[in-house]
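The values are calculated or read from the model by the stated rules, or taken from the named source; none is laboratory data. Because the structure is a prediction, the values reported are computed rather than measured. When we count neighbours, we look across all protein chains shown, and the Cβ atoms used for this are built from the backbone with ideal geometry, even at glycine.
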Amino acid sequence: MADWNNATWEQVWGSSGTAGAISKALHQAGYLAGEITRPTLFQLQQQLILAGHIDRLPLQGLREELRPVIAGGVSVMCAVFDTFQLQHMRIAQGALRHGVLFDLQHSLQSGAAPAA
């Protein structure tokens, strides 16, 4: 992890369902759509802590099936932001991770360098 901790991140993309759900919750709270920033993420974490129970979550527009798991997702995202010292994350539309995996698989099979 030492190499990752010394990295300077120019662009960070989130492509998980959790990243999308957090971004949507933040957008419903009046923040920019399609992104997560350190201050807004940690504000959301504090709101969840203050709510104390999923029945009191202050998140408008959050799908009902996500209510029981959003606090865990926010906690993990906060850990990611802390571990990698992130300030900002954009949310990928579509399945970015699938495209990356397919490119990596192709590169490994063909011996070619991964696409930039």
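Rundown of residues vs (1) in contact (Cβ under 8 Å) with a residue 40 or more places away in the chain; (2) over 19 Å from Ile91 (Cα atoms); (3) under 17 Å from the mean Cα position of the chain (by Cα), yes/no style:
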{"site": "Gln11", "(1), (2), (3)": "yes, no, yes"}
{"site": "His27", "(1), (2), (3)": "no, no, yes"}
{"site": "Leu48", "(1), (2), (3)": "no, yes, yes"}
{"site": "Asp55", "(1), (2), (3)": "no, yes, no"}
{"site": "Leu66", "(1), (2), (3)": "yes, no, yes"}
{"site": "Phe81", "(1), (2), (3)": "yes, no, yes"}
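Gln43 meets each of the listed conditions (1) surrounded by fewer than 17 Cβ atoms within 10 Å (Cβ to Cβ); (2) under 23 Å from Val100 (Cβ atoms) apart from (2). Which residues, counting only those in region 77-87, are more than 14 Å from Gln43 (Cα to Cα) and either modelled with pLDDT under 90 or surrounded by 13 or more Cβ atoms within 10 Å (Cβ to Cβ) (or both)? Passing the criteria: Val80, Phe84, Gln85, Leu86. Taken as a whole, region 53-74 holds at least one residue that is surrounded by 17 or more Cβ atoms within 10 Å (Cβ to Cβ) and in contact with a Lys or Arg (Cβ under 7 Å, 6 or more places away or on another chain).
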